[in-house]
Amino acid sequence: MNPDQDRSSLLQITYRLIHKQDGYDKLLKSKLFKHWLQVTNELKNDNNDNMLKLNLIEILKTSTRGSRTLIEKDIIKQFIISRLSCVPKSLTSNEMELLCNEIDWIPTIGKSILFLQGDYGNVYYMIANGRVGLYLEPSKEREIQIAKEFGDTVSKSFTGTDIDLRRLGNNIMNLVVS
C-alpha cells in the first residue's frame, strides 16, 4: 500500500467513527433530554400537588364554612377529585358543592378525641395526617357513661394516657395516614 491509500483509508475510518460517534451523541442527548423532561414533569406535578394542598389548607383555615366562594369551592373540589379516593365518584354536582362548602379543618396536635360513640352521624372525617384510634363500647349504659365522662374533651387536646383512652372501649382499629 502506498501512503496516499493509507491516508485515504484512515480518513474513511475516521469519518465513519466520527459519524457513528455523532449518532451515539445524538441518541444519548435524546435519552438525556427525555429523562430530564420526565423528571421535570414529575417535579412540576409534585409542586402542583403541594400547592393545591397548601391552597386547600389555607382555604379551610381562613374561609367561612357554609359561605365559600366559587373559587374556594373549586380548589376544594380539585383536591377531592385528585387526591381522595374515599369520596364516592357518584356524587352529584349539588352534593359535591355541598361537601366543598361544608368541609371543615380541625387541627389537632397530640392526642385529641374527635367524636364519641353515639354522636350524631352527620359528620364525615378525612384524616390528612397522623393516626386515629377507633374504640367500640358494646354496653349501651357504658356508652352513656363515656359520653358524660369524656364529652367535655371532644376536639380539645387530650392530656390522658393510653390507659385512659382504653376507657372509651375496645380499640378495634387504628387508621394511619402520613
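The values are calculated or read from the model by the stated rules, or taken from the named source; none is laboratory data. What you see is a predicted model; the values in this text were computed from it and never measured. In this analysis, Cβ positions are derived from the backbone assuming ideal geometry, glycine residues included, and neighbour counts consider all displayed protein chains.
Summary of values
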quantity	calculated
Options LEU54, LEU60; residue that is assigned by TED's automatic domain parsing to the domain that holds SER82 and out of contact with any Asp or Glu (no Cβ under 9 Å at 6 or more places or on another chain)	LEU54
Which numbered condition SER63 fails, given (1) surrounded by 12 or more Cβ atoms within 10 Å (Cβ to Cβ); (2) more than 18 Å from the chain's Cα centre (by Cα); (3) under 19 Å from SER93 (Cβ atoms)	(3)
Residue match in region 13-34 (condition: closer than 30 Å to ARG83 by Cα and either loosely packed, with under 10 Cβ neighbours inside 10 Å or free of Cβ contacts under 8 Å to residues at least 40 places away in the same chain (or both))	yes
Test: residue in region 31-53 that is closer than 30 Å to LEU99 by Cβ and of a type in the set (A, V, I, L, M)	yes
Residue match in region 72-89 (condition: of a type in the set (Ser, Thr, Tyr) and within 29 Å of VAL177 (Cβ to Cβ))	yes
Filter result (modelled with pLDDT of 90 or more and β-branched (Val, Ile, Thr)) within region 90-144	THR92, ILE144
